[in-house]
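Visitor: Encoded as structure tokens, here's the structure I'll be asking about.
The values are calculated or read from the model by the stated rules, or taken from the named source; none is laboratory data. Keep in mind that this is a model prediction, so the values were computed, not measured. FYI the Cβ positions are ideal-geometry reconstructions off the backbone, even for glycines, and counts take in every protein chain you see. Surface accessibility is based on the protein's heavy atoms, side chains included, excluding ligands, DNA and RNA. Shrake-Rupley method; radii C 1.70, N 1.55, O 1.52, S 1.80 Å.
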Amino acid sequence: MKIRKQFFLIFAILTAVPILYVACFFIYITLTPAEEVFNAENLPHPRDFVMTFAVIFETLFASFSFYMFNNIAKSIHLVESEAKKLSDGDIDKPLKVPTNKGYANEITNLLIHFEEFRKVFKQRKNEQDRFVMGLSHDLKTPIAIIKGYTEGISDGLFSDPQKQKESLDIILQKSSELEMMVDNMINFIKMNETDWTKNFVEHDLAEYLDTVEKYIRSTGSVFNRTVTSQIKIPKGTKVKMDKQLVSRALENIFSNAIRYTENGAEIDLSAELSSGAAKIKISDKGIGMSPEDAEHVFELFYRGTHSRREQGQGIGLSVVKTVMDVHGWNIDVESELGKGTAFTITIPLKQGSKA
């Protein structure tokens, strides 16, 4: 029972006792013949009334007070013991949260919030452990290759100028991969530690997507991809966002589209208004994903069947998902093996966002 209800119940009972006592006295007077009531010998002494009332009142007060304070003491002890488990670093076992209505109260309800905190903290710790493991594993490969080729050049193993050039090209390539890994990791850490909403600025979505279209057309031509677009967002459609973060997310999706398509393949960018939201879709006709890979594609360090064959950490799309979550947007993926993949971003629009 809630502590407030216990207080109200005790207050009601203690208030009712003197009222009932006085009522009984008046009933006694009413039902007793007048000659007996006013007979001094039959009339109880006022001191007897006071003493009887005091005994009853004190007994009830002591009983209810003991019950209430005993309940509070038990609740505080339970919260203290369970909180100590958290302070000692024991986050693997669930906390004991009372479910009995007679025992649960405002104090023990704190354990519900502590338990939620424990779950979130454990999840973050597991992600951190996986992050460190992934970091150590993925960084070793390019570092080992760079070190190996550097030692080979230093030891004179590649005396031929052409071999030296090829070795230096490999070193440059692995250095770029290493730089990209570090950037992705820094971005992921920042995404989880920074309040990016402070950087949100209102932008014209149509104008912004025009710049995105120009970027992917230019990049697509460099990698021999055919880029098509259908931007149907009216001018004046305002959206609050961190332009840098959103651009980074879209670039990541587009980079994946290039990575998993062949030369000459088509990549499409489309955008339209639908049901009070703006929908942006980047689709390709590449190798696609299995249903299992599509289900886990946004999870940290998850690498699909095809991505395991390439260098990478499985961080990029997790960062993309975090960017969407920070903005309060939604991102979905549709994919079919051998037919391609489509990422759809849904941006809820407030009334009046369209000028």
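Visitor: When the range 162-200 is examined, which residues are found to be at pLDDT 70 or above, among the charged types (D, E, K, R) and open to solvent by 70 Å² or more (accessible area, probe 1.4 Å)?
Guide: Lys163, Lys165, Glu166, Asp169, Glu179, Asp183, Lys198 - these are the residues of the range 162-200 that are at pLDDT 70 or above, among the charged types (D, E, K, R) and open to solvent by 70 Å² or more (accessible area, probe 1.4 Å).
Visitor: Within the range 217-234, how many residues are in contact with a strand residue (DSSP E or B) (Cβ under 7 Å, 6 or more places away or on another chain) and of a type outside the set (A, V, I, L, M, F, W, C)?
Guide: Number of matching residues: 9.
Visitor: Can you pull out every residue in the range 260-288 that is on the phi > 0 side of the Ramachandran plot and in contact with a helix residue (DSSP H, G or I) (Cβ under 8 Å, 6 or more places away or on another chain)?
Guide: Residues satisfying the conditions do not exist here.
Visitor: Of all residues in the range 241-251, which are touching a residue at least 60 places away in the same chain (Cβ under 8 Å) and either in contact with a Lys or Arg (Cβ under 6 Å, 6 or more places away or on another chain) or under 13 Å from Phe200 (Cα atoms) (or both)?
Guide: Across the range 241-251, the qualifying residues are Met241, Asp242, Leu245, Val246.
Visitor: Could you please find all residues in the range 129-155 being at pLDDT 80 or above and more than 14 Å from Met181 (Cβ to Cβ)?
Guide: Lys147, Gly148, Tyr149, Thr150, Glu151, Gly152, Ile153, Ser154, Asp155
Visitor: Which pairs have Cβ atoms under 7 Å, sit 6 or more apart or on different chains, and link a residue in the range 79-100 that is touching a residue at least 24 places away in the same chain (Cβ under 8 Å) to one that is not in a helix (DSSP H, G or I)?
Guide: Between residues of the range 79-100 that are touching a residue at least 24 places away in the same chain (Cβ under 8 Å) and residues that are not in a helix (DSSP H, G or I), the close pairs are Val79/Ile107; Val79/Thr108; Glu82/Leu95; Glu82/Lys96.
Visitor: So, one more: Please go through (1) at positive phi; (2) at pLDDT 80 or above for Gly89 and return the number of the only condition it doesn't satisfy.
Guide: (2)
Visitor: Among the residues that make up the range 63-77, is at least one of them surrounded by fewer than 12 Cβ atoms within 10 Å (Cβ to Cβ) and modelled with pLDDT of 75 or more?
Guide: yes
Visitor: What tally of residues in the range 235-245 results from selecting those that are in a loop (DSSP other than H, G, I, E, B) and either loosely packed, with under 14 Cβ neighbours inside 10 Å or out of contact with any strand residue (DSSP E or B) (no Cβ under 8 Å at 6 or more places or on another chain) (or both)?
Guide: 2
Visitor: If I go through the range 201-230 residue by residue, how many of them are outside any helix (DSSP H, G or I), open to solvent by less than 50 Å² (accessible area, probe 1.4 Å) and in contact (Cβ under 8 Å) with a residue 40 or more places away in the chain?
Guide: Residues flagged as outside any helix (DSSP H, G or I), open to solvent by less than 50 Å² (accessible area, probe 1.4 Å) and in contact (Cβ under 8 Å) with a residue 40 or more places away in the chain within the range 201-230 amount to 5.
Visitor: Now for a separate question. When only residues in the range 96-106 that are open to solvent by less than 80 Å² (accessible area, probe 1.4 Å) and modelled with pLDDT under 75 count, which is farthest from Ile72 (Cα to Cα)?
Guide: Step by step, filter the range 96-106, then rank; the result is Gly102.
Visitor: Just a yes or no: is a residue in the range 265-276 modelled with pLDDT under 85 and not aliphatic (A, V, I, L, M)?
Guide: No, the range 265-276 contains no residue that is modelled with pLDDT under 85 and not aliphatic (A, V, I, L, M).
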